[in-house]
């Protein structure tokens, strides 16, 4: 029973860290990376689909993405979707290839992106702490029902705290890596 709770907590905490990793991956540094456009949705015959499903996205060089739609008719909708996204990019179309230059980040914009990264990290930490709270609550319920002893409860709470500390340290490490990435010119 206790082992199942610990395993469930560990699995959920891993998912929180993975979610943070994805969120930090979307925060752009100065480099062009195809995953920057992953969350851009394109109007494809009346339904919104991810850009990956209607075009090939590649990094041409460190500052330029090349987007090649599968169909010629999709060039304009893909270009519009990139323009209206929250990334602040200005695509340029040459025939069937859409080139997306990455503007250099200003010092102020870098600081703003660090704040966003810190906010995302804090959200992940809160999620991890909520998981700890839920598991501790489940342990207290087991204790009240006399399914476990007080010693087992204390030992399990200690183990859950160690798990929490481990995954919070991992989120801090991810944040530190992202901050150095953002602040290097």
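Read-outs: derived from the displayed coordinates by stated rules, not from any lab. Worth saying up front: this structure is predicted, and the values here are computed from it rather than measured. Cβ coordinates were reconstructed from backbone atoms using ideal geometry, including for glycine residues, and neighbour counts include every protein chain displayed.
Computed from the alpha carbon positions, the gyration tensor of the stretch 1-110 leads to an equivalent ellipsoid with semi-axes of 33, 19, 11 Å, biggest first. The angle between the Cα long axis of helix 75-84 and the main principal axis of the chain comes to about 50°, on a 0 to 90 degree scale. Taking every alpha-carbon pair within the chain, the share separated by more than 23 Å comes to 56 percent. In degrees, nearest 10, range 0 to 90: what is the angle between the Cα axis of helix 107-144 and the longest Cα principal axis of the chain? Compared with the principal axis, the helix lies near 30 degrees.
Helix 150-183 and the longest principal axis of the C-alpha atoms of the chain enclose an angle of approximately 20°. Protection proxy ranking, highest mean first, for peptides 166-178, 141-153: 166-178, 141-153, where packing is the per-residue count of other beta-carbon atoms within 10 Å, averaged. For the chain, adding -39500 (n - 2.57) for each run of n ≥ 4 DSSP H residues and dividing by the number of residues yields -20500 deg cm²/dmol at 222 nm.
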